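Asker: Structure incoming, see below.
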Amino acid sequence: MYDEYLRITLELAARARGWTSPNPLVGCVIVKEGRVIGRGYHTAAGKPHAEVEALRDAGPAAHGASLYVNLEPCCHYGRTPPCTDAIIRAGIKKVVIGGIDPNPRVQGKGAAALQAAGIEIVCGVLEDTCKRFNETYWKYILTNKPFVLLKAASSLDGKIATRTGESRWITNEQSRLYVHELRHAYDAVMVGIGTVLADDPRLTVRLPEGNGRDPLRVVVDSRLRLPPEAAMLTQPSQAGTLIATREPVEAARRRALEGRGAEVVVLLADARGRVDLARLMAELGRRQVTSVLLEGGATLHGSALKAGIVDKVCIFLAPLFIGGDGAPSAIGGPAIERLEEAVRLTDTSVRWFHHDLLIEAYPVSKTVDLAP
């Protein structure tokens, strides 16, 4: 029964996907005599936590009940009071926790506080599932850098466009809708200047009925070639645009872009004279950007994999062949010479979006124990 109730907490928590950053997704249920009497989830950063919402829903009946939550209750003052205090006051007798919070301000202290108050603690139920569910939060808390998801859409022969650059649309409408859901869920979407010059994307969220939150738009542009009249600088968005470049910076170009509302961030160059992506991730982490959706193109994908910043890949395969030596592939950059240099993936899963196949996996080099 523990598993069943923990899965309900995850279903509740998922309702707030895209709204809670930099906080994790958390859901909670209160159970008494085999019946759920209270439900709640953290709706947005700064709003009441899941445990408080579930206790409110249960009311006085929460006394003597069991509380289930996918992440350890907080025990410190932030924008809201400690959840542990509310749980103790409510007279909860047992707390079942999916996983310990990796945040050093909590990290076992919440569970210890509840146990010291005489509450029975059961921890580690569906632990791996709960960690993966909040994978962007775990990466950010443990490293102070954002979780990076590389997304690409290609034909069955690995091409992301024709020889002339035509790429709209390789995948179907269902796949493209899911990409907008990803944009809503991630704090930032990042592309290279080549993609902007070729496609002039808006990089906004376009979900049914206008629901969704636009991510910060990040353009990797070593020579500040982004045109001031680009769509992302002239069309409305809920989020800003950050242009990452490197020295030397042409002052006139910088002024023109900043005049359009963009923020230009100058970073040290890497060994190839391009924007250092590791330094860019550190800068985004400093700004509390917990997750980045990397939408390419091929050159940036190759550079990101080589730099080791990619935590997960999400590849859509559409049922068509494009062919041709001149058609770009999903991963660009210098070719490897030996298979031992290849980026290998693990923990692979697949999903169907009508006739499109989505493959999700994690680079082997980035597979780490998520335990704090």
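Asker: Inspect all residues belonging to segment 128-147 and state whether any of them is assigned to a loop (DSSP other than H, G, I, E, B), of a type in the set (A, V, I, L, M, F, W, C) and touching a residue at least 24 places away in the same chain (Cβ under 8 Å). Spell out how you get there, then give the answer.
Answerer: Keep residues of segment 128-147 that are assigned to a loop (DSSP other than H, G, I, E, B), which gives 134, 144-146.
From what's left, of a type in the set (A, V, I, L, M, F, W, C): none.
No - not one qualifying residue is present in segment 128-147.
Asker: Within the set of pairs 6+ apart or on separate chains, which have a first residue in segment 180-205 that is closer than 16 Å to residue 238 by Cβ and polar (S, T, N, Q), a second that is assigned to a loop (DSSP other than H, G, I, E, B) and open to solvent by 20 Å² or more (accessible area, probe 1.4 Å), and C-beta atoms under 9 Å apart?
Answerer: Within 9 Å, the pairs are 204/235; 204/236; 204/237; 204/238; 204/239.
Asker: Looking at segment 208-215, can you tell me whether even one residue there is of a type in the set (Gly, Ala, Ser), within 20 Å of residue 288 (Cα to Cα), in a helix (DSSP H, G or I) and open to solvent by less than 60 Å² (accessible area, probe 1.4 Å)? Show your work before the answer.
Answerer: Restricting attention to segment 208-215, the residues satisfying the condition of being of a type in the set (Gly, Ala, Ser) are 210, 212.
Those still in the list that are within 20 Å of residue 288 (Cα to Cα) too: 212.
If we keep only those that are in a helix (DSSP H, G or I) as well, we get none.
Checked against the condition, which is being of a type in the set (Gly, Ala, Ser), within 20 Å of residue 288 (Cα to Cα), in a helix (DSSP H, G or I) and open to solvent by less than 60 Å² (accessible area, probe 1.4 Å), segment 208-215 yields no hits at all.
Asker: Please determine, by comparing only the residues of segment 312-347 that are in contact (Cβ under 8 Å) with a residue 60 or more places away in the chain and in a strand (DSSP E or B), which one is surrounded by the most Cβ atoms within 10 Å (Cβ to Cβ).
Answerer: 313
Asker: Considering segment 122-150 alone, what residues qualify as being hydroxyl-bearing (Ser, Thr, Tyr) and either at pLDDT below 95 or surrounded by fewer than 23 Cβ atoms within 10 Å (Cβ to Cβ) (or both)? Step through it out loud before you land on a result.
Answerer: Going residue by residue through segment 122-150, those that are hydroxyl-bearing (Ser, Thr, Tyr) are 129, 136-137, 140, 143.
Residues satisfying the conditions are 129, 143.
Asker: Open to solvent by 30 Å² or more (accessible area, probe 1.4 Å), under 30 Å from residue 216 (Cα atoms) and in a helix (DSSP H, G or I): does that describe residue 4? Explain how you work it out, then say what you get.
Answerer: Values: open to solvent by 30 Å² or more (accessible area, probe 1.4 Å): yes; under 30 Å from residue 216 (Cα atoms): no; in a helix (DSSP H, G or I): yes.
No: the conditions fail for residue 4.
Asker: Hey, another quick one. Select from segment 310-356 the residues that are touching a strand residue (DSSP E or B) at 6+ places or on another chain (Cβ under 7 Å) and aromatic (Phe, Trp, Tyr) and list them in ascending order.
Answerer: Once the filter is applied, which keeps residues that are touching a strand residue (DSSP E or B) at 6+ places or on another chain (Cβ under 7 Å) and aromatic (Phe, Trp, Tyr), segment 310-356 yields 316, 321.
Asker: May I ask you to say which residue of 272, 279, 254 is open to solvent by 60 Å² or more (accessible area, probe 1.4 Å), within 25 Å of the chain's Cα centre (by Cα) and over 14 Å from residue 149 (Cα atoms)? First the steps, then the outcome.
Answerer: Working: 272 fails: within 25 Å of the chain's Cα centre (by Cα); 254 fails: within 25 Å of the chain's Cα centre (by Cα).
So the residue among 272, 279, 254 that is open to solvent by 60 Å² or more (accessible area, probe 1.4 Å), within 25 Å of the chain's Cα centre (by Cα) and over 14 Å from residue 149 (Cα atoms) is 279.
Asker: A further question on this structure: Any residue in segment 352-372 that is closer than 30 Å to residue 104 by Cα and modelled with pLDDT under 60 sitting within a Cβ distance under 8 Å of a residue that is assigned to a strand (DSSP E or B) and open to solvent by 60 Å² or more (accessible area, probe 1.4 Å)? List the pairs, counting only those 6 or more apart or interchain.
Answerer: From residues that are closer than 30 Å to residue 104 by Cα and modelled with pLDDT under 60, the pairs are 367/347.
Asker: A further question on this structure: Does residue 294 count as open to solvent by less than 50 Å² (accessible area, probe 1.4 Å) and in contact with a His (Cβ under 9 Å, 6 or more places away or on another chain)? Spell out the reasoning first.
Answerer: Values: open to solvent by less than 50 Å² (accessible area, probe 1.4 Å): yes; in contact with a His (Cβ under 9 Å, 6 or more places away or on another chain): yes.
Here the answer is yes, as residue 294 does meet what is asked.
Asker: Additional query: Looking at segment 217-307, what strands (runs of 3 or more DSSP E) fall wholly within it and have at least 2 residues that are of a type in the set (A, V, I, L, M, F, W, C), closer than 29 Å to residue 155 by Cβ and in contact with a Leu (Cβ under 8 Å, 6 or more places away or on another chain)? Give the derivation first.
Answerer: Working: elements: 241-246, 263-267, 291-294.
Per the criteria, 291-294.
Asker: Inspect all residues belonging to segment 69-79 and state whether any of them is over 29 Å from residue 187 (Cβ atoms) and either modelled with pLDDT under 95 or surrounded by 21 or more Cβ atoms within 10 Å (Cβ to Cβ) (or both).
Answerer: We begin by selecting, within segment 69-79, every residue over 29 Å from residue 187 (Cβ atoms); these are none.
Among the residues of segment 69-79, not one is over 29 Å from residue 187 (Cβ atoms) and either modelled with pLDDT under 95 or surrounded by 21 or more Cβ atoms within 10 Å (Cβ to Cβ) (or both), which makes the answer no.
Asker: Same structure, new question: Any chance you could count how many residues in segment 239-274 are free of Cβ contacts under 8 Å to residues at least 24 places away in the same chain, of a type in the set (Lys, Arg) and over 14 Å from residue 226 (Cβ atoms)? Lay out the reasoning, then the answer.
Answerer: Initially, segment 239-274 is screened for residues free of Cβ contacts under 8 Å to residues at least 24 places away in the same chain, giving 247-248, 251-252, 255, 258, 263, 265-268, 271-272.
Of the ones still in play, those that are also of a type in the set (Lys, Arg) are 255, 272.
So of that shortlist, the ones also over 14 Å from residue 226 (Cβ atoms) come out as 272.
Number of matching residues: 1.
Asker: Can you name the residue in segment 151-163 that is of a type in the set (D, E, K, R) and part of a loop (DSSP other than H, G, I, E, B) and, of all such residues, is least open to solvent (accessible area, probe 1.4 Å)? Before you say what the answer is, go through the steps one by one.
Answerer: Filtering segment 151-163 for residues of a type in the set (D, E, K, R) gives 151, 157, 159, 163.
Within this subset, residues satisfying the condition of being part of a loop (DSSP other than H, G, I, E, B) are 157, 163.
On the way: 157: 56, 163: 184 Å².
Ranking the qualifying residues of segment 151-163, first place goes to 157.
Asker: Which residue, of 188, 230, 153, is modelled with pLDDT of 95 or more and small (Gly, Ala, Ser)? Outline the logic, then answer.
Answerer: Working: 230 fails: modelled with pLDDT of 95 or more; 153 fails: modelled with pLDDT of 95 or more.
It is 188.
Asker: Which residue is farthest from the chain's Cα centre (by Cα), if the candidates are limited to segment 174-196 and must be among the hydroxyl-bearing types (Ser, Thr, Tyr) and in a helix (DSSP H, G or I)?
Answerer: Residues of segment 174-196 among the hydroxyl-bearing types (Ser, Thr, Tyr): 175, 178, 186, 195.
Adding the requirement that they be in a helix (DSSP H, G or I) leaves 175, 178, 195.
Values: 175: 18, 178: 14, 195: 21 Å.
The extreme case among them is 195.
Asker: While we're looking at this one, here's another question. Which residues, counting only those in segment 9-30, are of a type outside the set (Lys, Arg) and either surrounded by fewer than 18 Cβ atoms within 10 Å (Cβ to Cβ) or in contact with a Ser or Thr (Cβ under 7 Å, 6 or more places away or on another chain) (or both)?
Answerer: Initial filter on segment 9-30 (of a type outside the set (Lys, Arg)): 9-14, 16, 18-30.
Once the filter is applied, which keeps residues that are of a type outside the set (Lys, Arg) and either surrounded by fewer than 18 Cβ atoms within 10 Å (Cβ to Cβ) or in contact with a Ser or Thr (Cβ under 7 Å, 6 or more places away or on another chain) (or both), segment 9-30 yields 11, 14, 16, 19, 21, 22, 27, 28, 29.
The values are calculated or read from the model by the stated rules, or taken from the named source; none is laboratory data. The model shown is predicted, which means the values in this text are computed figures rather than measured ones. Cβ coordinates were reconstructed from backbone atoms using ideal geometry, including for glycine residues, and neighbour counts include every protein chain displayed. Please note that ligands, DNA and RNA were not included when accessible areas were found on the heavy atoms of the full protein model with its side chains. Shrake-Rupley method; radii C 1.70, N 1.55, O 1.52, S 1.80 Å.
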